[in-house]
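*Asks:* Please see the structure below; I have some questions.
Bear in mind that the values in this text are calculations on the coordinates, not laboratory data. Predicted, not measured: the structure shown is a model, and the values here were computed from it. Cβ placement follows ideal geometry from the backbone for every residue including glycine, while neighbour counts extend to all protein chains displayed.
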Amino acid sequence: MSEPFFPPPFVNPDRPDDSPILERLNIYDGLAIDAKRWKQAHHYHRKRQNLIYQSLNQPGIAYGLGVRPISAPEGISSEFSQIPWLEIQPGIAIDWEGNPIIVPQPETMPLDLPKLSQPITIYLVISYRDPEQLNLGGDREILRESFRLDLFSNPPQKGELELCRFTWESGGNMIELRGAKDVFYPQANELDLRYRMSVSSQPRMKVKVGILTHRESFRQNFIYFQKSASTLYSELQISLEYFNNPNSLSPDLDLTSFDLFYCLGSEFKQITEENAMLLKSYLKMGGILWVDLENKGWGVEKQLVTLLDKPKSKFMSKGLKSWRELELDHPLHLQPFLFSLLPNSCKDLKYAEGILAIDGNLCDRWRLTKNLDVPRQDIRTAQEFGINILHFAWQRRRLNQLSGASHQNVRDR
């Protein structure tokens, strides 16, 4: 049920034509205002408004736009009376570019769905329609901005907002499309409204995490954390990318797009010299390498530093500091949550120069156990400390980039 996120506008010096540049009409005495110039002036204000919306907000549904199955309207031919129908309720949404989508009255639509041997997921989407692009101008004095409803077998694309989805299982006879009996667990041929996006503000911090392990339980820890973190700290949005192990990193991979890499100490011991060099370069650009010692103690500490010091130059200018040795104003202590003691799920933490090693089972506290025996306070404390770690990783990489540690184009988010 996690929502997708859309990036704010980006100024790209390498491709200025793709950047959002504002050009407005220069008004002076004697300038003839014809239809072309009048339209140009209006386009400027629309583009400026859209730019502000994209910079500050996420697209989504503002209110309404409910979806419910209905019977075929009276007077419909027998061909269309034998297929499912939907009614879309009035409401307002805003698309990715900041265009308002307004449905002023209920809209009905037939679903001419195919008969298939295998179930398929169908998406009902709504999109904005500019009357100028529809060539409805002519001599009309007033043009109404409109919308379009579509059914697709693939997820919504840029410019489309999902109203609902359902798993379609067809048969020989007429199949009824129903509202879900349990809205949290829709079944086949039942409407699923769990994935609708609501309008919201842009997250200030968009943190990308690389998970360097194939072990499913550790991946699941981060999926649970991803779902909880945005609720606990709305300025944070997490994206995850998975790799089988630390040796899965490719020299062609854009490491600068990652704020943090997470790996297991037992798998990090097997890292090749080539991949150690990649991670060393990543750390020098301001990234964070989080090594989970899997509750096995500090035997890996010297190996960790030694691996990164190969093959030629010494990487570490100082040893790893334990939690109590960190400065009191260190971000891990302060931002955004205040921590004096480590969570109960952490035995200790050591950090220096982008290397973060944690002994304990912090990540395991991010998700539910089968026995449901972990106190809520332990779960929440572990989640909040995880947010501190990601906040620190985002801030460190951003400040390093802004100060020239990376020659890549810098995006604030």
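*Asks:* Per 0.36 nm of contour for each residue apart, how much would the distance between residue 68 and residue 199 grow if the chain were fully extended, relative to their Cα-Cα spacing?
*Replies:* Going from the current span to full extension adds 45.0 nm.
*Asks:* Residue 327 to residue 42: extension gain in nm, 0.36 nm per residue of separation minus the Cα-Cα distance?
*Replies:* Residue separation times 0.36 nm, minus the Cα-Cα distance, leaves 97.2 nm.
*Asks:* Further question on the same structure: For region 109-224, just say rounded, prolate or oblate: build the C-alpha gyration tensor, square-root its eigenvalues into a ≥ b ≥ c, call rounded for a/c under 1.5, and beyond that prolate if a/b exceeds b/c, oblate if not.
*Replies:* oblate
*Asks:* A further question on this structure: For residue 121, what residues show an amide H to amide H distance below 5 Å, using hydrogens built from the backbone and excluding near sequence neighbours?
*Replies:* Hits under the 5 Å cutoff: 168.
*Asks:* For the peptides 184-194, 159-169, what is the packing order when you average, over each peptide's residues, the other Cβ atoms within 10 Å and list the highest mean first?
*Replies:* Highest to lowest by the protection proxy: 159-169, 184-194.
*Asks:* Once R0 is set to 22 Å, what does the formula 1/(1 + (r/R0)^6) return for the Cβ-Cβ distance between residue 10 and residue 157, expressed as a FRET efficiency to the nearest 0.05?
*Replies:* 0.70
*Asks:* Can you tell me the FRET efficiency between residue 253 and residue 169 if r is taken as the Cβ-Cβ distance and R0 is 45 Å, rounded to the nearest 0.05?
*Replies:* 0.65
*Asks:* As a quick test, which of the pairs 284/347; 296/347; 115/158; 296/370 have an alpha carbon distance above 19 angstrom in this structure?
*Replies:* Going by Cα-Cα distance, 284/347; 115/158; 296/370 fall outside the 19 Å limit.
*Asks:* Related question: Rounded to the nearest 0.05, what FRET efficiency do residue 87 and residue 269 have when you use their Cβ-Cβ distance and R0 = 51 Å?
*Replies:* 0.25
*Asks:* Let a ≥ b ≥ c be the square roots of the eigenvalues of the Cα gyration tensor of region 203-402; is it rounded (a/c under 1.5), or, if not, prolate (a/b larger than b/c) or oblate?
*Replies:* rounded
*Asks:* Right, something else. Which value in nm describes the separation of the simple spin-label points at residue 32 and residue 120, placed 7 Å from the Cα toward the beta carbon?
*Replies:* 5.5 nm
*Asks:* Something else now. When a/c is below 1.5 the answer is rounded, else prolate if a/b is larger than b/c, else oblate, so apply that to the chain with a ≥ b ≥ c taken from the square roots of the Cα gyration tensor eigenvalues.
*Replies:* oblate
*Asks:* Between the alpha-carbon centers of region 346-391 and region 212-264, tell me the distance in whole angstrom.
*Replies:* 15 Å
*Asks:* Roughly speaking, what is the stretch gain from residue 182 to residue 19, that is 0.36 nm per residue apart minus the C-alpha to C-alpha distance, in nm to one decimal?
*Replies:* 54.1 nm
*Asks:* Quick check on packing: order 145-157, 55-67 by the mean number of other C-beta atoms within 10 Å, highest mean leading.
*Replies:* 55-67, 145-157
*Asks:* Follow-up question, since we're still on this one. Do you know the relative contact order of region 58-200, to the nearest whole percent, from alpha carbon pairs under 8 angstrom that are 6+ apart?
*Replies:* Contact order relative to length: 27 percent.
*Asks:* Oh, and also: Okay, helix-only estimate at 222 nm for the chain: each DSSP H run of n ≥ 4 adds -39500 (n - 2.57), divide by all residues, round to 500 deg cm²/dmol; what do you get?
*Replies:* Helix-only estimate at 222 nm: -7500 deg cm²/dmol.
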